[in-house]
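Undergrad: A single structure is presented below for examination.
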Amino acid sequence: MTIKPFQVQNMLRGYDRHLDQGRRMARYRMLLQRSSPGDMVILSQDARRRQLVEKIATEIMDSLMVSGSNNPVVLDIKEDLQREFGFEMEFRYLPLEPEMQILRKDGEELIEVIGEEKTTILERFWRITLEKVNETML
């Protein structure tokens, strides 16, 4: 197998373009940092932790609760909600609907929870999820 000079030149030209782009991006980043030193926000460890806890709690609420996950944290949250409100609940999203649907289990029958009761359950759901995630994080 022979490598032709134009193939080597094309490869080196590609590397050169990548280096130029990297230098340009580094220069641009330095200019941005110099021009707006007051705009940089430095978060404390507590604030970063709180953001991470909220992100995980949102993921649990949006995905894991609806999917019927067997994750211990999800099961704990469901038990706490059932204990607090006195009935079993099922969470799901309907196709083309942006809001989560909460269903109360009455034996084999599922009844949709709406209005003020739904708002109360969702608020408590958020608080319990935040507490559980915060407890389980190192």
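Undergrad: Working out 0.36 nm times the residue gap between Asn71 and Met11, then minus their Cα-Cα distance, what length gain in nm do you get to one decimal? Could the numbers behind the result be given before it?
TA: Working: separation 60, 0.36 × 60 = 21.60 nm, distance 4.93 nm.
So the chain would gain 16.7 nm between Asn71 and Met11.
Undergrad: Next question, about the same structure. Stick to Cα atoms and the Kirkwood definition of Rh, then tell me Rg/Rh for the chain. It would help to have the intermediate numbers written out before the result.
TA: Numbers: Rg = 25.8 Å, Rh = 19.8 Å.
A ratio of 1.31.
Undergrad: Could you grab the relative contact order for the range 67-138? Cα pairs under 8 Å, six or more apart, rounded to a whole percent.
TA: Contact order relative to length: 25 percent.
Undergrad: What residues qualify as long-range amide H neighbours of Glu88, i.e. H under 5 Å apart, gap of 5 or more or another chain, H built at 1.01 Å from N?
TA: Answer set, sorted by chain and number: Lys105.
Undergrad: Per the 1.4 Å probe, what fraction of the accessible area of the chain, in percent, lies on carbon and sulfur atoms?
TA: 54 percent
Undergrad: Same structure, new question: Nearest 10 degrees is fine. How inclined is helix 72-85 to the longest principal axis of the chain, computing both from alpha carbons?
TA: Long axis of 72-85 versus the principal axis of the chain: about 30 degrees.
Undergrad: Same structure, new question: Determine the calculated [θ] at 222 nm for the chain from helices alone, applying -39500 (n - 2.57) to every DSSP H run no shorter than 4 residues and normalising by the residue count; nearest 500 deg cm²/dmol.
TA: Mean residue ellipticity at 222 nm (helix-derived): -20500 deg cm²/dmol.
Undergrad: Hey, another quick one. Determine the relative contact order of the chain: mean sequence separation of Cα pairs under 8 Å and six or more apart, normalised by residue count, in whole percent.
TA: Values: 77 pairs, mean separation 27.1, N = 138.
Relative contact order here is 20 percent.
Undergrad: Using alpha carbons only, how many degrees (0 to 90, rounded to 10) separate the axis of helix 45-59 from the longest principal axis of the chain?
TA: The angle comes out at about 60 degrees.
Undergrad: Also, I was wondering about something else. On a 0 to 90 degree scale, rounded to 10, what angle separates helix 115-136 from the longest Cα axis of the chain?
TA: Taking Cα atoms only, the helix is inclined about 60 degrees.
Undergrad: Further, regarding this structure: Which FRET efficiency value, to the nearest 0.05, do you get for Gln82 and Ser44 by plugging their Cβ-Cβ distance into 1/(1 + (r/R0)^6) with R0 = 25 Å?
TA: That gives a FRET efficiency of 0.10.
The values are calculated or read from the model by the stated rules, or taken from the named source; none is laboratory data. Values in this document were obtained by computation on a predicted structure and should not be read as measured data. Counting neighbours? That spans all protein chains shown, and the Cβs are built from the backbone with ideal geometry, glycine included. Surface accessibility is based on the protein's heavy atoms, side chains included, excluding ligands, DNA and RNA. Shrake-Rupley method; radii C 1.70, N 1.55, O 1.52, S 1.80 Å.
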